[in-house]
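Student: The structure follows.
The values are calculated or read from the model by the stated rules, or taken from the named source; none is laboratory data. Worth saying up front: this structure is predicted, and the values here are computed from it rather than measured. Here the Cβ is made from the backbone with ideal geometry for all residues, glycine too, and neighbour counts use every protein chain on show.
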Amino acid sequence: MLLLRPQWLFKRLAQLSIWLCALGAGSAFAIAPNLQVLVVLSSNAAPYQTFANTLIQNLPSTMRVVVQTQSDSYDATQKNDLIVGVGVKASQLIVAKSNTPLLAVMLPKRSYEALLKDYSGKEMSAIYMDQPWERQADLIRLVSPNANKVGVLYSVSSHLDTANLSRALSRRGLGFYPQLLNAGDALFVGLDTVLDSSDVLLAIPDSDIYSSNNIRNILLTTYRHGVPLIGLSQAYVNAGALCAVFSTPEQIAAQASTLVSRFAQTHQLPAPQYPSAFSVAVNQEVARTLSVPMQSADMLKMQMDSARGER
Amino acid sequence: MMRKTYHISSYLAWLTLVPLLALAVSMALFFLHDRFRSLDNNLQMRGDLIAHQLANSSEYGVYANNLVFLQNTAQGVLQQADVDSVTILNEQGVVLVDISRKNRGQAQQENLAISRPINATQVALDEFENKPLPQQIGAVTIGMSWAHTHTTKLRLLWSAAIATLLFLMLVLYLVYLTSRRIAMPIAQLSSAIADMGEGSLSVRVAIDTRINELATLAQGINNMAAQLQSERMVLQQRIDAATLQLKSLAFYDTLTQLPNRRMLEDRLAHAIAVSNRSGQYAAIMFIDLDNFKPLNDMHGHACGDLLLVEAARRIGSCVRMVDTVARFGGDEFVVLISQLTQDAIVAQNEVMAVANKICHELALPYTLSTKVQGHTQVLIAHQCTSSIGIAVFLDDNLSQDEILMRADKAMYQAKSNGRNQACLFSADAEKNQD
């Protein structure tokens, strides 16, 4: 129960911020009250639904918002001022079929970049799902003050931005040990190699390596090496990662509603961006098992916020 | 063709044993089938469970290619009962561990091979996609030995067979007891009936039974036998009486109760034989009543019959017990006197003395009491004499007829001599007459 408390607090805080944003956007209502927004979900998965619900709550009631829970039934002939594509699948579909400005949300940065490359002329922007490297590096520095080397296992398909990651880490005095896993290589062997040379393993969005089927064995291997895994979401922490920094659908929805309201005024989409709000989750049991001295998630979040403020 | 028959005990035994045998055997088979299936299922279930556990516990070993760990895990599984072999393969189908129990002593028996995939344990990471398909990262195969199951089955088979056999033996004994209670009385009754059929009506059945019908049957048979026996006795008495009567009719004169001609001939033959053997003379007397016919004519045959009866009595009183008085019919009587002396003259004298005595007796007056017209008793006085012819014989090579003829001739001689006298046959006199 104690572990759940911060979650609940965050949720409340997020809701409060949403209301504040809505109040702030109120002045824009008179200018573009009739903005027609279509929200297309990749699927009716719970996080997408949460996002859509929060977004509708956050947008002014004068704005006409239609939510389509199945991306397959998207009809390009209908006139919209803005389309919010939720998830990779919906965003891909919309960008392929329509010239309406697109705000893609809840997709990895790499997927958005691929879209941008394929449809360069289209008007679109995004709120990524991944966290900026700086933020990840802050967390690593906070939870493992003595760590020297951060290992990353990646496959070719992940197109890992090793340069930026390495820079973000080195700025905080952390070494970087990337290990490429070629197709056909045994995951275990690669993992063994990277764990042998690292103090912390940083998970990246790479479905070839981190999947529901693999995560248990990966975690077991990290435990055997005594190396903590920094996860990508609450689910990773639940499964046994030491900690994770991530943004909830509510947080992304709040950010998206701000962008939509701004679009109503300017009819301009901002540059693609990382989620501004984020959460931190910690698995204290894993910390105890690995003998890692661990602060609470709230404390970590506060320190990370203050570290960002310093930058 | 004679139909084949069986004892009631055999019938009873078959009627009881055959259905019971079928029942017992089918029950035993059902039981065995059920238990065998359950044993097979048990082995299969345990195998499934062991394989499942092995698949779970060897997941990380297969993933990490940790052969030592897998070997240890497999050894642990091999310690479990009935597990004969353990094989673990990785995703590529490469055999990582393949061990089997050794020192079996016997040739490797066929095993129940149970395979289970080793699936990666799924831990939900994100909820954006549908639940991913399970990923198979290897497989385990365990061989479950049938040996213990087979031993148990064999033991079950034996116990079922012995139990069935014991049951049947018990039933057999009970059937034997029951059939004895039914079949033995019936056998007794049957043999009694057979004996009665052969004529021994004195047979009685004494059976100790609690079966109503059999008791009734035995009682009935005994009663019937008793009834038959008494009826036969009555009949026998009647037959004996009738036979006696017939005999009497054949050999005795009904009126005087004297031997008739046939009996006399028989006794004469006997006397001839005795006389020939002993050398003693014997004699035949022919007695004819004089003046008999007028009595018949005057007073009727009933009156004549009374006279004949009285005459017979008188003749009888004049001879010895060994002598024979016979009636030849009408008023003719014949007396056979045997065992006279060996001397011819003495014998003739003795016979003559008897003849004269008879003559004298018969000549005495008769008082005959007769009924006239059915009720009135009338006394009739009558007197009649007799003529007697005598033939004495001894080893004369004479036939009976010749002897009787001689006596007859002598009797006529006496009649012609004036009646009321006895006349001795003499061959010389006959010659003279001729």
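Here's the yes/no breakdown for (1) modelled with pLDDT of 95 or more; (2) more than 13 Å from chain A (Cβ to nearest Cβ); (3) in contact with a helix residue (DSSP H, G or I) (Cβ under 9 Å, 6 or more places away or on another chain):
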residue: B:G47; (1), (2), (3): no, yes, no
residue: B:Y60; (1), (2), (3): no, no, yes
residue: B:Y63; (1), (2), (3): no, no, yes
residue: B:L67; (1), (2), (3): no, no, yes
residue: B:G76; (1), (2), (3): no, yes, yes
residue: B:Q79; (1), (2), (3): no, yes, no
residue: B:V83; (1), (2), (3): no, yes, yes
residue: B:G93; (1), (2), (3): no, yes, no
residue: B:S100; (1), (2), (3): no, yes, yes
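Student: Please enumerate the residues belonging to the range B:126-181 that are within 14 Å of chain A (Cβ to nearest Cβ) and among the β-branched types (V, I, T). Give the derivation first.
Tutor: If we filter the range B:126-181 for residues that are within 14 Å of chain A (Cβ to nearest Cβ), which is where we start, we get B:126-138.
Scanning the range B:126-181 gives a single hit, B:I137.
Student: Suppose the filter is polar (S, T, N, Q), modelled with pLDDT of 90 or more, surrounded by 16 or more Cβ atoms within 10 Å (Cβ to Cβ) and in a helix (DSSP H, G or I); does B:Q71 pass it? Please lay out each step first, then the result.
Tutor: Values: polar (S, T, N, Q): yes; modelled with pLDDT of 90 or more: yes; surrounded by 16 or more Cβ atoms within 10 Å (Cβ to Cβ): yes; in a helix (DSSP H, G or I): yes.
Judged against the criteria, B:Q71 is a match.
Student: Out of (1) over 30 Å from A:Q303 (Cβ atoms); (2) within 14 Å of another protein chain (Cβ to nearest Cβ); (3) among the hydrophobic types (A, V, I, L, M, F, W, C); (4) crowded, with 19+ Cβ neighbours inside 10 Å, what's the single condition that is false for A:L107?
Tutor: (1)
Student: Further, regarding this structure: Just checking, which of A:L180, A:L195, A:L201, A:L191 is among the aliphatic types (A, V, I, L, M), surrounded by 21 or more Cβ atoms within 10 Å (Cβ to Cβ) and either assigned to a loop (DSSP other than H, G, I, E, B) or away from every other protein chain (no Cβ under 12 Å) (or both)?
Tutor: Values: A:L180 fails: surrounded by 21 or more Cβ atoms within 10 Å (Cβ to Cβ); A:L195 fails: either assigned to a loop (DSSP other than H, G, I, E, B) or away from every other protein chain (no Cβ under 12 Å) (or both); A:L191 fails: either assigned to a loop (DSSP other than H, G, I, E, B) or away from every other protein chain (no Cβ under 12 Å) (or both).
That would be A:L201, the only listed residue that is among the aliphatic types (A, V, I, L, M), surrounded by 21 or more Cβ atoms within 10 Å (Cβ to Cβ) and either assigned to a loop (DSSP other than H, G, I, E, B) or away from every other protein chain (no Cβ under 12 Å) (or both).
Student: If A:L300 satisfies every condition in (1) outside the structural domain of A:R171 (by TED's automatic domain parsing); (2) in contact with a Leu (Cβ under 6 Å, 6 or more places away or on another chain) but one, which is the exception?
Tutor: The single condition A:L300 does not satisfy is (1).
Student: Looking at B:S26, B:S85, B:S9, which one is crowded, with 17+ Cβ neighbours inside 10 Å and under 60 Å from the mean Cα position of the chain (by Cα)? Outline the logic, then answer.
Tutor: Values: B:S26 fails: crowded, with 17+ Cβ neighbours inside 10 Å; B:S85 fails: under 60 Å from the mean Cα position of the chain (by Cα).
Every option except B:S9 fails the conditions.
Student: Just to be sure, is B:T16 part of a helix (DSSP H, G or I), more than 14 Å from every other protein chain (Cβ to nearest Cβ) and either modelled with pLDDT under 95 or under 30 Å from A:I218 (Cα atoms) (or both)? Before you say what the answer is, go through the steps one by one.
Tutor: On the way: part of a helix (DSSP H, G or I): yes; more than 14 Å from every other protein chain (Cβ to nearest Cβ): yes; either modelled with pLDDT under 95 or under 30 Å from A:I218 (Cα atoms) (or both): yes.
The answer is yes for B:T16.
Student: Same structure, new question: Name the single residue that is farthest from B:G61 (Cα to Cα) among those in the range A:238-248 being within 12 Å of chain B (Cβ to nearest Cβ) and crowded, with 24+ Cβ neighbours inside 10 Å.
Tutor: It comes out as A:A244.
Student: Looking at the range A:206-237, which of its residues are more than 7 Å from chain B (Cβ to nearest Cβ), surrounded by fewer than 21 Cβ atoms within 10 Å (Cβ to Cβ), outside any loop (DSSP other than H, G, I, E, B) and in contact with a Ser or Thr (Cβ under 8 Å, 6 or more places away or on another chain)?
Tutor: Within the range A:206-237, A:Y223, A:Q234 meet the criteria.
Student: Which ranges mark the strands (runs of 3 or more DSSP E) fully within the range B:325-434 that have 2 or more residues being farther than 14 Å from B:A282 by Cα and in contact (Cβ under 8 Å) with a residue 60 or more places away in the chain? Before you say what the answer is, go through the steps one by one.
Tutor: Working: elements: B:332-337, B:366-372, B:376-382, B:386-393, B:421-424.
Hits in the range B:325-434: B:366-372, B:376-382, B:386-393, B:421-424.
Student: When the range A:278-311 is examined, which residues are found to be β-branched (V, I, T), out of contact with any helix residue (DSSP H, G or I) (no Cβ under 6 Å at 6 or more places or on another chain) and surrounded by 15 or more Cβ atoms within 10 Å (Cβ to Cβ)?
Tutor: Our first condition is that a residue be β-branched (V, I, T); within the range A:278-311, this holds for A:280, A:282, A:286, A:289, A:292.
Checking the rest, the ones that are also out of contact with any helix residue (DSSP H, G or I) (no Cβ under 6 Å at 6 or more places or on another chain) come to A:286, A:289, A:292.
Those that are β-branched (V, I, T), out of contact with any helix residue (DSSP H, G or I) (no Cβ under 6 Å at 6 or more places or on another chain) and surrounded by 15 or more Cβ atoms within 10 Å (Cβ to Cβ): A:V286, A:V292.
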